[in-house]
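Trainee: Dropping a structure here in structure tokens format, bear with me for questions.
The values are calculated or read from the model by the stated rules, or taken from the named source; none is laboratory data. On a predicted model such as this, the values are computed, not experimentally measured, just so you know. Note that each Cβ is placed from the backbone with ideal geometry, even for glycine, and that neighbours are counted across all protein chains shown. Accessible surface areas use protein heavy atoms only, side chains included; no ligands, DNA or RNA. Shrake-Rupley method; radii C 1.70, N 1.55, O 1.52, S 1.80 Å.
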Amino acid sequence: MATVAELKVRTGRRAELALLAIAWGITVLARGLVDYHAAFLELDELGIYAAGAAVLMLGSHLVLRRFAPHADPVLLPAVFALNGIGLAMIHRIDFGYAQYRGRDTDFGTAQIGWTIAGVVAAMVVVLLIRDHRRLRRFTYTAGIAGLILYLLPLVPGLGLEINGARIWISLFGRSLQPGEVAKIAMVVFFAGFLVTNRDTLALAGPKILGLRFPRPRDMGPLLLVWAAAILLMVYERDLGASLLFFGIFLGMLYVATQRISWVLTGLALFAVGAVAAGTIFSHVGARYNAWLNALDAEVYASGTSEQLVRGLFGMASGGLFGTGLGEGRPDLVPYAESDFIIASLGEELGLTGLMAILALYLIIVQRAFRSSIGVRDGFGKLMAAGLGFSIALQVFIVVGGVTRVIPLTGLTTPWLAYGGSSMIANWIIVGLLLRISDQARRSAQEVT
Amino acid sequence: MNEPARRLSVIVLLLFLALMAAASWIQVVDANSLNQDPRNVRTIYREFGNFRGPIVVDGRSVVWSDPVDDPFNYQRTYEDGPLYAAVTGFYSVVYGRSGLERTENELLNGSADSLFWTRLGNLFAGEQQQGASVETTLSGSLQQVAADALGDRAGAVVALDPSTGAVLAMVTSPTYDPALLAGHSTSVVNENYASLISRDDGPMVNRAIAGDTYPPGSTFKLVVAAAALESGYSPDTQVYAPQELELPGSSATLGNYGGVECSSDDHMTLEDALRVSCNTAFGDLGMSLGWGVVERKAQDFGWGESLEIPLPVTASRLPVAPDDAQTAMSSIGQFDVRATPLQMAMVASAIANDGTLMRPYLVESVRAPDLQIIDTTLPEVYRESMQAADAADLTDMMVTTVDSGSGRGAPISGVEVAGKTGTAETGTNSPPHAWFVSFAPADDPVIALAVIVEESGGQTGTTGGALAAPIAKTIMQEALRLDREGEL
């Protein structure tokens, strides 16, 4: 008979503290370099920045020590490091706009505010949701909320079209991206729905070519999500949000049922929808063309691929080691602080820096999957995997768009890009992952 | 659900590998072509942001960069712009580069491999990348005198140092001011450029090396004479020189300039034939030698090959497999024979330098920003054009031409000048081009040059001897003065 013994376990909080120190160093150093190159380095101002960063990091560390002592120790430092790099870059782009474009922007300061709000939101999640399983009760509430949030930009008078995509809403004079929050609600909904219905979805169905395919009557949810994704693509003119939404669902469906046939069916459906949309709706087709023939003189002259190509120019000029923070010209790329922050980072930090950033994302995602495997309940497993996969997919869609792996879309780069909705939503994801990982690692360490 | 979660994490890894591969492609493999894309303003901005090195004539900068307070950081400034435009070219935000600004770009902007250590030093010192200075072989005063002598007539002058191949003067007319294109206001530059290229007289064409090549006319007789000397003729060999030469396989005949007869008994020495520039004699000589012999000799002087001095030089052309009549016409520098003024200066230079043709060059040396010389052009033999004895004979014949022949516009008192005139028909109703090819002093040349006045500057009934020879004389006098004062 297995015994449960009292064990002195390693929580990893000390490792977290050490890693946070590194993240803090990166954050402060990057900011200092930017100020130095803009000939604007004031040590007392940098000191305040450093102190603020320390308070934020130590504060969240202490919250974890007290309320989620077994939480994954790598997650928080990795996210803080990304966030710090993003803050420095956005601050640098403010300088670039002022120096070369005559634009007086202060995205940097606003983003500091969003960061604080994001970290606080994550900690509130850790404090409020003491057990992630309680979220299962809100499965359908989350589903409906998510759907409404996704559809909000389509409401006349509320929705806002920026840069061709209708994924913003205007509220109290601010523009918000409800899709970012909807993403979390959808993960909760999918997790709750799939954990209940996985057996039906997983086991029944005809076998074709050695693969067990779903029964037509079980296809309902898939078709519904698919239709929603296609609607998103067509009406919000945003391939990214729709791909993300549908991709998260497929990924979670696969984790829940372990059936590759679902994925294949879903991918086929999405491909059909995407091709049809590209043929029928000119704005979707134009995006494909701008992607495939970006450097073509005619396409470039029409303006559809100009932003993409300018981003490529920026990254190319960065080369292997980059121009150095503050030494490039990221201001030459439209939306250098948000959609194209990856191109800005590629220019000034080089391929080396870009690889490091991608590696940080990969670490965060792999930590999420590790929590998914470690946690015992199916709902938690699905949620952790879903959240992790959502980050991975979002990064893939944005960075893939900038690097021409897939067509360009209007999603934000988690924790890096300028934008409040995205910052807060992605920090909430961190809070949820910390909470689930706390449970996963505690249970793993309690059993001997 | 652990197994699919693991598999999904592998899929994520694959997605990220795709991103990393794409980023590597853009930032490393494809970076060079993206950076060189003309639509990439970043490259221009960055280049303009660097301190670009000057272009130097006689130890004095004629092109340099001044710091200015705009996004480009530096303004390219041209002193005596029109005088040196043919050599320096322009450096424009909108239209890129030309001339030495183009060919020496990597040195001027500091990105050349040879400046690696300088760049490394700048990097450690935290300084900005700096360009090297390019020192030309030009003589400022000779360039000025040549430009003044040519005046506002369309044409070109190329002067070489026959013993080294250094280009002492390169003038093309009409010219333009590169400063018109160097401004940072796109609209102004566009307007200036449009008005320059819309002009019929082509001010941005470098006639000396890269314009439409010209028929060399009688100056080509030097090449035929060199071929004859090599084939065993001597200056005293009697050649056939009728008043009119029948062209085989054609009802046309070849006559002399103004229909005059070269000799009363239809025969004369080779020397006299060159002296009076007898067309019938050289037409017949070309046919007797055979085109192959003339062609080989022309190639020995550089025909048929383009050069980089480092400005690209258009290859001078020869007819392909001409028949006898065409051979006769070609031997007096008509039909399909074409030459750049530089090519004709090279002919003079080879004869002047005992038959050895030096490779022409425009860049004397390159200095790193710390003034250390990082590259010096060493004179280099380009072709052994003819034997020294033949060259001496031909020199004597050219001296006679200046003393008592068609080149009487050129003699300088106290100095022996070797020269040959040319009056090249252009086939249209416009006046012929006036040529003069010469070097001085004949026994120890310091300068070899070619002068061409396009369509004789609009004058009719004139010859190379009357029009181009005095220009050449003025330039040679200046060269001799400079030589005496040790400035050449």
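Trainee: Take the residues in region B:14-27 that are facing chain A (nearest Cβ under 7 Å) and of a type in the set (A, V, I, L, M); name whichever of them is nearest to the chain's Cα centre (by Cα).
Mentor: Top of the filtered list is B:26.
Trainee: Would you say residue B:401 is of a type in the set (Val, Ile, Thr) and touching a Ser or Thr at 6+ places or on another chain (Cβ under 9 Å)?
Mentor: yes
Trainee: While we're on this one: List the number of the failed condition for residue A:70; all other conditions in (1) assigned to a helix (DSSP H, G or I); (2) open to solvent by 10 Å² or more (accessible area, probe 1.4 Å); (3) touching a residue at least 24 places away in the same chain (Cβ under 8 Å) hold.
Mentor: (1)
Trainee: A further question follows. Of the numbered conditions (1) in contact with a Phe, Trp or Tyr (Cβ under 9 Å, 6 or more places away or on another chain); (2) farther than 30 Å from residue B:6 by Cα; (3) open to solvent by 10 Å² or more (accessible area, probe 1.4 Å); (4) of a type in the set (A, V, I, L, M), residue A:299 satisfies every one except a single condition; which is it?
Mentor: (1)
Residues checked against (1) open to solvent by less than 40 Å² (accessible area, probe 1.4 Å); (2) of a type outside the set (Gly, Ala, Ser); (3) at pLDDT 90 or above; (4) not in a helix (DSSP H, G or I):
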residue: B:398; (1), (2), (3), (4): yes, yes, yes, no
residue: B:407; (1), (2), (3), (4): yes, no, no, yes
residue: B:427; (1), (2), (3), (4): no, no, no, yes
residue: B:435; (1), (2), (3), (4): yes, yes, yes, yes
residue: B:442; (1), (2), (3), (4): yes, no, no, yes
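Trainee: Tell me whether region A:93-110 contains one or more residues that are more than 20 Å from the chain's Cα centre (by Cα), within 14 Å of another protein chain (Cβ to nearest Cβ), closer than 30 Å to residue A:33 by Cβ and open to solvent by less than 20 Å² (accessible area, probe 1.4 Å).
Mentor: Yes, because at least one residue in region A:93-110 is more than 20 Å from the chain's Cα centre (by Cα), within 14 Å of another protein chain (Cβ to nearest Cβ), closer than 30 Å to residue A:33 by Cβ and open to solvent by less than 20 Å² (accessible area, probe 1.4 Å).
Trainee: Right, something else. Do we find that residue B:197 is closer than 30 Å to residue B:74 by Cα and not basic (Lys, Arg) in this structure?
Mentor: Numbers: closer than 30 Å to residue B:74 by Cα: yes; not basic (Lys, Arg): yes.
Yes.
Trainee: Pairs, please: C-beta under 8 Å, at least 6 apart or cross-chain, first residue in a helix (DSSP H, G or I) and in region A:81-94, second surrounded by 24 or more Cβ atoms within 10 Å (Cβ to Cβ) and among the basic types (Lys, Arg)?
Mentor: Partner pairs satisfying both residue conditions: A:84/A:31; A:87/A:31; A:88/A:31; A:91/A:31.
Trainee: Output the number of residues of region A:399-418 satisfying the condition of being facing another protein chain (nearest Cβ under 10 Å) and either open to solvent by less than 10 Å² (accessible area, probe 1.4 Å) or within 16 Å of the chain's Cα centre (by Cα) (or both).
Mentor: 4
Trainee: Something else: Kindly indicate the residue of region A:312-331 that is of a type outside the set (A, V, I, L, M) and more than 20 Å from residue A:99 (Cβ to Cβ) and also most open to solvent (accessible area, probe 1.4 Å) among those meeting that condition.
Mentor: Here the residue is A:321.
Trainee: Which of the residues belonging to region B:97-123 are at pLDDT 85 or above, in contact with a strand residue (DSSP E or B) (Cβ under 7 Å, 6 or more places away or on another chain) and either among the hydrophobic types (A, V, I, L, M, F, W, C) or farther than 15 Å from residue B:49 by Cα (or both)?
Mentor: Once the filter is applied, which keeps residues that are at pLDDT 85 or above, in contact with a strand residue (DSSP E or B) (Cβ under 7 Å, 6 or more places away or on another chain) and either among the hydrophobic types (A, V, I, L, M, F, W, C) or farther than 15 Å from residue B:49 by Cα (or both), region B:97-123 yields B:97, B:100, B:101, B:104, B:107, B:108.
Trainee: In contact with a strand residue (DSSP E or B) (Cβ under 6 Å, 6 or more places away or on another chain), over 22 Å from residue A:167 (Cα atoms), within 13 Å of chain B (Cβ to nearest Cβ) and of a type in the set (Gly, Ala, Ser): is that true of residue A:261 in this structure? I'd like the intermediate steps shown before the answer.
Mentor: Numbers: in contact with a strand residue (DSSP E or B) (Cβ under 6 Å, 6 or more places away or on another chain): yes; over 22 Å from residue A:167 (Cα atoms): yes; within 13 Å of chain B (Cβ to nearest Cβ): yes; of a type in the set (Gly, Ala, Ser): yes.
In short, yes.
Trainee: For region A:422-438, check the following and say yes or no: at least one residue is touching a helix residue (DSSP H, G or I) at 6+ places or on another chain (Cβ under 9 Å), buried (at least 24 other Cβ atoms within 10 Å of the Cβ) and not in a helix (DSSP H, G or I).
Mentor: Within region A:422-438, not a single residue is touching a helix residue (DSSP H, G or I) at 6+ places or on another chain (Cβ under 9 Å), buried (at least 24 other Cβ atoms within 10 Å of the Cβ) and not in a helix (DSSP H, G or I).
Trainee: Tell me the residue from A:343, A:368, A:359 that is more than 8 Å from every other protein chain (Cβ to nearest Cβ) and in contact with a Pro (Cβ under 8 Å, 6 or more places away or on another chain), please.
Mentor: Exactly one residue qualifies, and that residue is A:343.
Trainee: So, residue A:374, is that one in contact with a His (Cβ under 7 Å, 6 or more places away or on another chain), more than 8 Å from chain B (Cβ to nearest Cβ) and more than 20 Å from residue B:35 (Cβ to Cβ) or not?
Mentor: It is false that residue A:374 is in contact with a His (Cβ under 7 Å, 6 or more places away or on another chain), more than 8 Å from chain B (Cβ to nearest Cβ) and more than 20 Å from residue B:35 (Cβ to Cβ).
Trainee: Conditions: (1) in contact with a Leu (Cβ under 7 Å, 6 or more places away or on another chain); (2) part of a loop (DSSP other than H, G, I, E, B). Residue B:169 meets all but one. Number of the miss?
Mentor: (2)
Trainee: Taking the conditions exactly as written (among the polar types (S, T, N, Q) and open to solvent by 40 Å² or more (accessible area, probe 1.4 Å)), does residue B:186 satisfy them or not?
Mentor: yes
Trainee: Then there's this: Return the residue satisfying two criteria in turn: it lies in region A:242-251 and is open to solvent by less than 10 Å² (accessible area, probe 1.4 Å) and small (Gly, Ala, Ser), and of such residues it is nearest to residue A:198 (Cα to Cα).
Mentor: Among residues in region A:242-251 that are open to solvent by less than 10 Å² (accessible area, probe 1.4 Å) and small (Gly, Ala, Ser), the one nearest to residue A:198 (Cα to Cα) is A:251.
Trainee: Scan region A:277-298 residue by residue and report those that are of a type in the set (A, V, I, L, M, F, W, C) and more than 23 Å from residue A:161 (Cα to Cα).
Mentor: Hits for region A:277-298 are A:292, A:294, A:295, A:297.
Trainee: May I pose another question? It is to be established whether one or more residues within region B:231-238 are open to solvent by 30 Å² or more (accessible area, probe 1.4 Å), touching a residue at least 24 places away in the same chain (Cβ under 8 Å) and in a helix (DSSP H, G or I).
Mentor: No, because not a single residue in region B:231-238 is open to solvent by 30 Å² or more (accessible area, probe 1.4 Å), touching a residue at least 24 places away in the same chain (Cβ under 8 Å) and in a helix (DSSP H, G or I).
Trainee: Kindly provide the set of residues from region A:374-398 that are open to solvent by 10 Å² or more (accessible area, probe 1.4 Å) and in contact (Cβ under 8 Å) with a residue 24 or more places away in the chain, ordered by number.
Mentor: A:374, A:376, A:377, A:378, A:381, A:389, A:393
Trainee: Residue by residue through region A:302-311, note down the ones that are of a type outside the set (Val, Ile, Thr), open to solvent by 10 Å² or more (accessible area, probe 1.4 Å) and more than 10 Å from chain B (Cβ to nearest Cβ). It would help to see each step written out before you state the result.
Mentor: In the first step, residues of region A:302-311 are kept if they are of a type outside the set (Val, Ile, Thr); the result is A:302-303, A:305-308, A:310-311.
Imposing the further condition that a residue be open to solvent by 10 Å² or more (accessible area, probe 1.4 Å) reduces the set to A:302-303, A:306-307, A:310.
Matches in region A:302-311: A:302, A:303, A:307.
Trainee: Tally the residues that are under 17 Å from residue A:395 (Cα atoms) and either open to solvent by 20 Å² or more (accessible area, probe 1.4 Å) or in contact with a Pro (Cβ under 8 Å, 6 or more places away or on another chain) (or both), restricting the search to region B:1-35.
Mentor: Of the residues in that region, 10 qualify.
Trainee: Report the residue count in region A:233-257 for those that are over 19 Å from the mean Cα position of the chain (by Cα), away from every other protein chain (no Cβ under 14 Å) and assigned to a helix (DSSP H, G or I).
Mentor: 2
Trainee: Given the residues B:306, B:288, which is the only one that is under 14 Å from residue B:240 (Cβ atoms), open to solvent by 40 Å² or more (accessible area, probe 1.4 Å) and in contact with a strand residue (DSSP E or B) (Cβ under 9 Å, 6 or more places away or on another chain)? Break it down into steps so the answer makes sense when it comes.
Mentor: On the way: B:306 fails: under 14 Å from residue B:240 (Cβ atoms).
Sole residue among the options that is under 14 Å from residue B:240 (Cβ atoms), open to solvent by 40 Å² or more (accessible area, probe 1.4 Å) and in contact with a strand residue (DSSP E or B) (Cβ under 9 Å, 6 or more places away or on another chain): B:288.
Trainee: Quick check: anything in region B:239-254 touching a residue at least 24 places away in the same chain (Cβ under 8 Å), open to solvent by less than 20 Å² (accessible area, probe 1.4 Å) and among the polar types (S, T, N, Q)?
Mentor: From region B:239-254, those touching a residue at least 24 places away in the same chain (Cβ under 8 Å) are B:239-245, B:247-250, B:252, B:254; that's our starting set.
With open to solvent by less than 20 Å² (accessible area, probe 1.4 Å) added as a condition, the list becomes B:239, B:241-242, B:245, B:247, B:254.
Filter once more, keeping what is among the polar types (S, T, N, Q): none.
Among the residues of region B:239-254, not one is touching a residue at least 24 places away in the same chain (Cβ under 8 Å), open to solvent by less than 20 Å² (accessible area, probe 1.4 Å) and among the polar types (S, T, N, Q), which makes the answer no.
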